[in-house]
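The values are calculated or read from the model by the stated rules, or taken from the named source; none is laboratory data. Remember, predicted model here, so these are calculated numbers, not experimental data. Note: ideal-geometry Cβ built from the backbone for every residue, glycine included; neighbour counts use all protein chains shown. The protein model used for the area step is the full one, side chains on, heavy atoms only, and it has no ligands, DNA or RNA in it. Shrake-Rupley method; radii C 1.70, N 1.55, O 1.52, S 1.80 Å.
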Amino acid sequence: MKADQADVVVIGSGMGGASFAAGLAPSGARIVILERGERLADSPHARDPRAIFQRGHYRPQETWHDAAGVPFNPGNYYYVGGNTKLYGAVLMRYRAEDFRPIAYADGETPGWPFAYEELEPWYGRAEALYHVRGRLGEDPTEPPHSTSYPFPPVKDEPAIADLRGRLAREGLHPFSLPLGVDIERWLERGKTPWDAFPDTNAGKMDAETCGLASALEHENVSLMTGARVVRLETDAAGRRIERVVYESRGETLRIAADIVVLAAGAVNSAILLLVSANAARPNGLANASGQVGRHFMNHNLTASIAVSPFRVNDSVYQKTIGLNDFYLDDGRGGPPLGNVQMLGKVSGAILKPELRWAPEAALDILTRRTFDFLFMSEDLPSPESRVRLDGSRVILDWRPSNMTAHKLLVARMREALRAAGFPLVLTKPFDRRTPSHQCGTIRMGSDPSRAPVGPDGRAFDHPNLFVVDASVLPTSAAVNPSLTVAALALRAAERVRADLDNRSAGVAPTQR
Ligand SMILES: Cc1cc2nc3c(=O)[nH]c(=O)nc-3n(C[C@H](O)[C@H](O)[C@H](O)COP(=O)(O)OP(=O)(O)OC[C@H]3O[C@@H](n4cnc5c(N)ncnc54)[C@H](O)[C@@H]3O)c2cc1C
């Protein structure tokens, strides 16, 4: 289908774009979603860890460069549903404290332009839209919830139930990870973990199966796949976004819209604004502040395998518990460290790319005795950490921060896991070229000289442009970003709906 006119054009069908469309769809506005990727089709590769982790079957044909000019293939996925097609489906709220400035050993976060209470009802709606499974009252850092989770938690497998007990006996507080997975449906398709495995509509609650599916129930919403947006065009004054230019099946096309909603992911959304520079906006769109592309954040992540020679871990998926014992402080009254959660169960085929010299069969024997964890610390926003263009090259100049906290988190967990019966705890930091939790490049704020968009995602420089993906997060916190992206997008949809109503009544839009 081609269209050249819509009330609202949404760029990207990932967590931000799909959730936004779901929120606005009941308004009746004519919404066109332009998505660069295609729907992810089922195939034997979908549950083949060798295809996924060794041959990179689902990775994009794309090259970015680091600050030193070294090319790399980013783990950034272009499908209908975006990165959520491969995500771990941990759908966790930021803690209330994350909205306020936090003092870490290496620096301070700036806080948000509003408090947790403002986003709380939207978190509840996002949990309903993504069918989150969880249980309140287990996590001591849990923020207030006005609604409970729509479904009970995904069940621990026996080895994980045993681990939960052992961690609790060491004085820790393991909690059921809030998850978007219908575990029966997932396992029916194949007995594998879901973390970093593609979802072929087999039980993962992702942007395609939940947000987009809900939006497309409305006749006024349409999705164009294989539609790669290349530029936004403004009026002569550089104020209103007039048209979105995209490439589809070898043609360059334009679509005009009253409101344009950018949700191409934190790297690509910033690039689109920069590449759309014109005579009236020579530094790029929404960039009077000069902040577009800056404050790139991505979490400090370390994978850990804890080995117990005397315990077999026969779990299939494993990823059902988390720990926030070091989230608000270091467990001894010092500055915060971060979150801990299980990884999807690691197998020989998954570990092989990290230990190429080892036979896969030997790694299978090892991983039958490992319990696999992810340690996650906040990445602090810095203007020097940025995505930018060098000609047509995407440069990702990420400056990881807050490493004192991250190293201490790893040390504390090593200690705790040894006490819980794992004499050997191996760790490996995540590859810097894996921008899975990318955010912050078009941050929200109250001051137009320091932020490209306001607290509702509206661009200060363009009243008809909203940004609703992970770009707008002013801080990365130390929990997975998707639920916060969805909650913000649903909230922005409400603002756009008010704009459209006001437009009918002849009232000008206001920043909130
Ligand atoms: C392996 C993996 C595991 C993860 N696990 C978790 C987890 O457990 N919990 C969690 O909260 N988060 C997790 N994440 C992160 C999560 O997926 C992202 O935070 C989330 O998807 C961000 O939403 P977004 O809308 O910003 O971007 P995306 O969801 O990536 O959506 C961007 C969309 O825009 C499209 N697009 C890009 N450029 C263009 C263009 N020029 N024109 C048209 N369309 C375009 C893309 O194809 C994509 O569909 C994980 C990510 C990965 C990769």
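Beta bridges per DSSP, both residues in the chain: antiparallel share near 70 percent. Working from Cα positions, state the angle (0 to 90°, nearest 10) between the long axis of helix 15-24 and the longest principal axis of the chain. So the inclination is approximately 50 degrees.
Near residue 33, the amide H atoms lying under 5 Å from its own belong to 10, 222, 223, 224; only residues 5 or more places off or on other chains count, and H is placed 1.01 Å from N. Taking θ as phi - 60° and the Karplus parameters 6.51, -1.76 and 1.60, the scalar couplings of the range 481-487 work out to x, 4, 5, 5, 4, 5, 5 Hz in sequence order, x denoting glycine and proline. Around the Cα centre of the range 27-147, unit charges on the Cβ atoms of Lys, Arg, Asp and Glu (plus for the first two, minus for the last two) sum to a dipole of about 680 debye.
What FRET efficiency comes out for residue 228 versus residue 169 if R0 is 51 angstrom and r is the Cβ-Cβ distance? Round to the nearest 0.05. Using R0 = 51 Å, I get an efficiency of 0.45. Computed extension gain for residue 450 through residue 357, at 0.36 nm per residue and net of the alpha carbon distance, reaches 28.6 nm. Counting only Cβ charges, +1 for Lys and Arg and -1 for Asp and Glu, the dipole size of the range 70-113 around its Cα centre is about 260 debye. Rolled with a 1.4 Å probe across the full set of protein chains, the surface gives residue 354 an accessible area near 100 Å².
Excluding same-chain residues fewer than 8 positions from residue 85, which lysines have a Cα within less than 16 Å of its Cα? Within the straight-line limit of under 16 Å, residue 85 reaches these lysines: 204.
For the range 323-330, the Karplus equation 6.51 cos²θ - 1.76 cosθ + 1.60, evaluated at θ = phi - 60°, returns couplings of 9, 10, 5, 10, 7, 9, 7, 8 Hz by residue, with Gly and Pro reported as x. With respect to the chain, whose longest principal axis is taken over its alpha-carbon atoms, helix 403-419 is tilted by about 30°.
With a simple spin-label model that places each label point 7 Å from the Cα along the Cα-to-Cβ direction, the separation between residue 503 and residue 188 comes to 4.2 nm. Amide H to amide H distances under 5 Å link residue 394 with 65, where only residues 5 or more positions off or on other chains count and H is placed in the peptide plane. Along the axis of the charge dipole computed for the chain (Cβ charges of +1 for Lys and Arg, -1 for Asp and Glu, origin at the Cα centre), the listed residues 63, 331, 218 are led at the positive end by 63. To the nearest 10, the accessible area of residue 239 is 110 Å² with a 1.4 Å probe. Ranking of 59, 249, 133 by solvent-accessible surface, largest first: 249, 59, 133 (1.4 Å probe, protein heavy atoms only, all chains present). Toward the positive end of the charge dipole of the chain, with +1 on the Cβ of Lys and Arg and -1 on the Cβ of Asp and Glu, the farthest Cα among 405, 124, 482 is that of 405. Share of the chain's accessible area from carbon and sulfur, percent, 1.4 Å? Ligands and nucleic acids excluded, carbon and sulfur reach 51 percent. Taken about its Cα centre, the chain carries a charge dipole of roughly 900 debye when the Cβ of each Lys and Arg holds +1 and the Cβ of each Asp and Glu holds -1.
Compared with the dominant Cα axis of the chain, that is its longest principal axis, helix 266-275 is turned about 30°.
Solvent exposure of the range 1-155 amounts to 40 Å² per residue of accessible area, where only protein heavy atoms count and the probe is 1.4 Å. Dipole of the range 326-441 computed with +1 at Lys/Arg Cβ and -1 at Asp/Glu Cβ about the Cα centre; of 358, 427, 440, farthest Cα towards the positive end is 358. Stretching residue 162 away from residue 118 to a fully extended chain increases their span by 12.0 nm, per 0.36 nm per residue minus the current alpha-carbon distance. Look at where the Cα atoms of the range 39-80 and of the range 128-204 average out, and the two centres are 26 Å apart. Run the reach check for residue 407 against lysines, Cα to Cα strictly under 24 Å, same-chain hits fewer than 8 apart removed. What comes back? Within reach: 319, 345, 428.
Rounded, prolate or oblate, given the Cα gyration tensor of the range 360-494, with a/c below 1.5 counting as rounded? Because a/c hits 1.5 or more and a/b exceeds b/c, the range 360-494 counts as prolate. Would you mind classifying the range 229-301 by shape? Square roots of the alpha carbon gyration tensor eigenvalues, ordered a ≥ b ≥ c; an a/c under 1.5 is rounded, otherwise it is prolate if a/b is larger than b/c and oblate if not. Oblate is the answer for the range 229-301, as a/c is 1.5 or above yet b/c matches or exceeds a/b.
With contacts taken as Cα pairs under 8 Å at a separation of at least 6 residues, the chain carries a relative contact order of 23 percent. Using a cutoff of 8 angstrom between alpha carbon atoms and counting only pairs six or more residues apart, the relative contact order for the range 301-385 works out to 40 percent. Once the C-beta distance of residue 73 and residue 428 is scaled by a Förster radius of 25 Å, the resulting FRET efficiency is 0.85 to the nearest 0.05.
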